[in-house]
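See structure below.
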Amino acid sequence: MADVNAGLPPAPETDRAFPPEGATLTEIAALPEVAALKVSFRKTSLIDYPGRIASVVFFPGCDFRCPWCHNRELILGNAEGLSDLGECLSAIKKRSHLIQGVVLTGGEPLLRDKLGDVIRYIHTLGLPVKLDTNGSFPKELAILNGDAATRPDYVAVDIKTRPERYAEIAPDFRLSAIGDDRETRRPAGPPVPSQSIADLFFAVADTLTALIRSNQEFEVRSVVAPGFFDEETVSALADFVPETTPWYFTAFAPGNCLDPEWNEVPPTADSLLDGCVRRAKELGKWAIKR
C-alpha cells in the first residue's frame, strides 16, 4: 500500500502538553509540532468559506486519487513554494482583524495528526474554522469533534461518485478508517451491496451520519466528472444527504489534472450539470449549482 504521506515532513513527536501553560500565541505557532508542517497558503478568499472572508491553508497529501483533481502537486507531495505552517499561522494572527474565518483544505487535511492543534490555535484567535474533507476519516473527525476547542465550526464533505465506483478513486483506502464494528454503525441509507464496496464507501457514509447526529453545520459537494457522476449517481447517493444540507454541484473543467489524460476531457456539459441539480431537487434535496 502506498504511503500517502511520502515526501511530506513528519510532524515531530513530543510529550509536551499543547498548548503549554502560559504560552503566548506566537510561541504556540512556533512549536515544532506545528511549525514543521509544510503547506500552501492563500491569504484571502471570498469563496471558500460561505458568507465569510477567509484565509485558506492547503495541506499536501491525499488518500484518494481522483483523476480529475486539480491539486496535482499537492496530492503527489511534490508541490513547490510551500510555506512553514507556523509562518502561515503567524500571518493569520496578524490578519485576524481583516478575515472572518480560516479554511483547512488539501489534499486531505485529516491525514495530519496535528490538525487538532492547528484548529485549537485558530480558535484561540477568535476565528471559526471550516474543514474540507473527502469523508474517509470518520474516526479522526470524531476525535476533533470530541473537544469544543478542536471541533470545526463548518465542514464540507466531498462525495465523488456512486458507492460501487469508489474503488476506482481510492486504491489505497485504509480499512482501519472503518474499524471492526461497521455492521453495528452502518448509517441509515440504502444498503451497500458488497463487502468490498462497503469497505470503501462506508467511511464516507459514516462521516455524513456522524455530522447529522452531532448537529454540526456542514455541506456536501460533488464535482460532476464525466463518466463518474450523472443523474443516476445522484439517485444512488441521495439517501445519504439530508434535505436541509446544501448539496453543491460543480462542473468539471480540465487543467492540471492528477491524471494528465483528463486534461483532454471536455468540460462537463451544461445539460449534465443541470440534470444532476434537477434530479437532486426532485428527490427533495437542497441542490445548488456552483
Does Phe218 satisfy being among the hydrophobic types (A, V, I, L, M, F, W, C), buried (at least 19 other Cβ atoms within 10 Å of the Cβ), more than 28 Å from Gly51 (Cβ to Cβ) and at pLDDT 90 or above?
no
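Yes/no matrix, rows are residues, columns are (1) without any contact (Cβ under 8 Å) to a residue 24 or more places away in the chain; (2) under 18 Å from Phe218 (Cα atoms); (3) crowded, with 20+ Cβ neighbours inside 10 Å; (4) of a type in the set (Ser, Thr, Tyr):
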| position | (1), (2), (3), (4) |
| --- | --- |
| Ser45 | no, no, no, yes |
| Arg52 | no, yes, no, no |
| Val56 | no, yes, yes, no |
| Asp113 | no, no, no, no |
Evaluation of Thr150 against (1) out of contact with any helix residue (DSSP H, G or I) (no Cβ under 6 Å at 6 or more places or on another chain); (2) among the polar types (S, T, N, Q); (3) in a loop (DSSP other than H, G, I, E, B) (one fails), failing number
(1)
Can you tell me which of Phe173, Phe202 is in a loop (DSSP other than H, G, I, E, B), buried (at least 16 other Cβ atoms within 10 Å of the Cβ) and at pLDDT below 95?
Phe173
Of residues in the stretch 93-104 being out of contact with any helix residue (DSSP H, G or I) (no Cβ under 6 Å at 6 or more places or on another chain) and crowded, with 21+ Cβ neighbours inside 10 Å, the one farthest from Phe137 (Cα to Cα)
Gly101
Would you be able to tell me the number of residues in the stretch 252-290 that are within 24 Å of the chain's Cα centre (by Cα) and assigned to a loop (DSSP other than H, G, I, E, B)?
12
Restricting to the stretch 226-252, and then to whatever is aliphatic (A, V, I, L, M) and crowded, with 23+ Cβ neighbours inside 10 Å, can you tell me which residue is nearest to Thr133 (Cα to Cα)?
Val241
Across the stretch 12-32, which residue is modelled with the lowest pLDDT among those that are assigned to a loop (DSSP other than H, G, I, E, B) and either within 16 Å of the chain's Cα centre (by Cα) or surrounded by 18 or more Cβ atoms within 10 Å (Cβ to Cβ) (or both)?
Pro19
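The values are calculated or read from the model by the stated rules, or taken from the named source; none is laboratory data. This structure is a prediction, so every number in the text was calculated from the model and none was measured. Note that we place each Cβ from the backbone using ideal geometry, even for glycine, and neighbour counts take in every protein chain shown.
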